[in-house]
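Working notes, beginning with the structure itself.
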Amino acid sequence: MLGLKKEQIILIKEPTSFSEVIIPEQSTIAYDGFKDKAMKIYDAIRDSVEPKTFDKVYLTRTGLPKNFSDGITVNKDYFEAFYRSQGYEIISPEKYSIGEQVAIMAGAKEVACVYGTAGHLILFSHDHVKITVLNCFSEGFAIQFWMNQARLANSVWVDVSMNFLPHTHFLSCYLLLPTVQWEEYLKNDGVKLPWDSLLNLKESVFEYIEEWTRLVALFAKKHPKFLETRYNSFTFSNFVEVFSKLIREPINSETKKSLENIFKKNK
């Protein structure tokens, strides 16, 4: 895709001397920024393919099997369904070859995704593409920011995170819900979508709790010291209080017992 021929590439298998070695300057600096020429390699790859004709694309991870090493996100399918209703082509990148992924991005005028590595495919888009990122936790990573900037993208970030249990980037379980920010985003776009009838809040929260406790239990076997220092101040009573506020009703004894069982069976 870069236009190189196989015979131009030599694999060095033993100590070798050269009369001259050309070392390109560093085009990007992690978590910092990029040079003006940084996008040339991505442009070359993009321009080597025939663009697909999907004007609006939603990049999804719902087709992937659950993998606790990659983290768990609850309610991704809800947001995927929304973008499908708005005429977006739903794309699972892992189902396409590299060339096809590049062609999809090369043709897209609008891209949306939950924050993650799928959004990095914007590097193969054309300048001024619109990208909407649904943020799944309170922090944002500079890498996606500078990618958006490098593409001169029209960037929209919407906070849909409702994570009330402790988490880190590498021990991640996220709860996505239609937040106040999400409702404001829909309002600004002139979209009216009553979400209460499309989402069971209590079931979502229960699923989040169960996935989180299972993930933490698996992680604790490998990194017990980390969990002791990170979560030692988090108590079940803290959790019950937050849960009660989320579902907007007091927790009865039956519900509380069910929550306790989730924690116990994954202990």
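Hey, any hits in the range 23-34 for a residue that's open to solvent by 90 Å² or more (accessible area, probe 1.4 Å), modelled with pLDDT of 95 or more and closer than 20 Å to residue 148 by Cβ?
Checked against the condition, which is being open to solvent by 90 Å² or more (accessible area, probe 1.4 Å), modelled with pLDDT of 95 or more and closer than 20 Å to residue 148 by Cβ, the range 23-34 yields no hits at all.
In the range 80-128, how many residues are among the aromatic types (Phe, Trp, Tyr) and at pLDDT below 95?
Of the range 80-128, the ones among the aromatic types (Phe, Trp, Tyr) are 82-83, 88, 96, 115, 124.
Checking which are at pLDDT below 95 leaves us with 82-83, 115.
The qualifying residues number 3.
So, of the residues in the range 35-66 that are hydrophobic (A, V, I, L, M, F, W, C) and at pLDDT below 90, which turns out to be farthest from residue 212 (Cα to Cα)?
Filtering the range 35-66 for residues that are hydrophobic (A, V, I, L, M, F, W, C) and at pLDDT below 90, the one farthest from residue 212 (Cα to Cα) comes out as 38.
Count, please, the residues in the range 133-143 that happen to be within 20 Å of residue 33 (Cβ to Cβ) and either surrounded by fewer than 19 Cβ atoms within 10 Å (Cβ to Cβ) or in contact (Cβ under 8 Å) with a residue 40 or more places away in the chain (or both).
Qualifying residue count, the range 133-143: 5.
Of all the residues that make up the range 144-153, how many are open to solvent by 40 Å² or more (accessible area, probe 1.4 Å), of a type in the set (A, V, I, L, M, F, W, C) and closer than 20 Å to residue 40 by Cβ?
To start, the set of residues in the range 144-153 that are open to solvent by 40 Å² or more (accessible area, probe 1.4 Å) comprises 145, 149, 152.
Okay, now just the ones that are also of a type in the set (A, V, I, L, M, F, W, C), so 145, 152.
If we keep only those that are closer than 20 Å to residue 40 by Cβ too, we end up with 152.
Number satisfying all stated conditions: 1.
Residues are listed down the side, and each one gets a yes or a no for (1) basic (Lys, Arg); (2) over 23 Å from the mean Cα position of the chain (by Cα); (3) modelled with pLDDT of 70 or more:
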residue: 194; (1), (2), (3): no, yes, no
residue: 204; (1), (2), (3): no, no, yes
residue: 222; (1), (2), (3): yes, yes, yes
residue: 229; (1), (2), (3): no, yes, no
residue: 234; (1), (2), (3): no, yes, no
residue: 243; (1), (2), (3): no, yes, yes
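Could you tell me whether residue 156 is over 19 Å from residue 216 (Cα atoms), touching a Ser or Thr at 6+ places or on another chain (Cβ under 6 Å) and either open to solvent by 20 Å² or more (accessible area, probe 1.4 Å) or of a type outside the set (Lys, Arg) (or both)?
Details: over 19 Å from residue 216 (Cα atoms): yes; touching a Ser or Thr at 6+ places or on another chain (Cβ under 6 Å): yes; either open to solvent by 20 Å² or more (accessible area, probe 1.4 Å) or of a type outside the set (Lys, Arg) (or both): yes.
So residue 156 fits the description; yes.
Please specify each residue of the range 245-267 satisfying the condition of being at pLDDT 70 or above, in a helix (DSSP H, G or I) and open to solvent by less than 70 Å² (accessible area, probe 1.4 Å).
Once the filter is applied, which keeps residues that are at pLDDT 70 or above, in a helix (DSSP H, G or I) and open to solvent by less than 70 Å² (accessible area, probe 1.4 Å), the range 245-267 yields 246, 255, 258, 259, 260, 262.
The values are calculated or read from the model by the stated rules, or taken from the named source; none is laboratory data. Everything numeric here is computed off the predicted structure, so don't read it as measured data. We place every Cβ from the backbone using ideal geometry, glycine too, and count neighbours over all the protein chains shown. Surface areas here come from the heavy atoms of the whole protein model, side chains and all, with no ligands, DNA or RNA. Shrake-Rupley method; radii C 1.70, N 1.55, O 1.52, S 1.80 Å.
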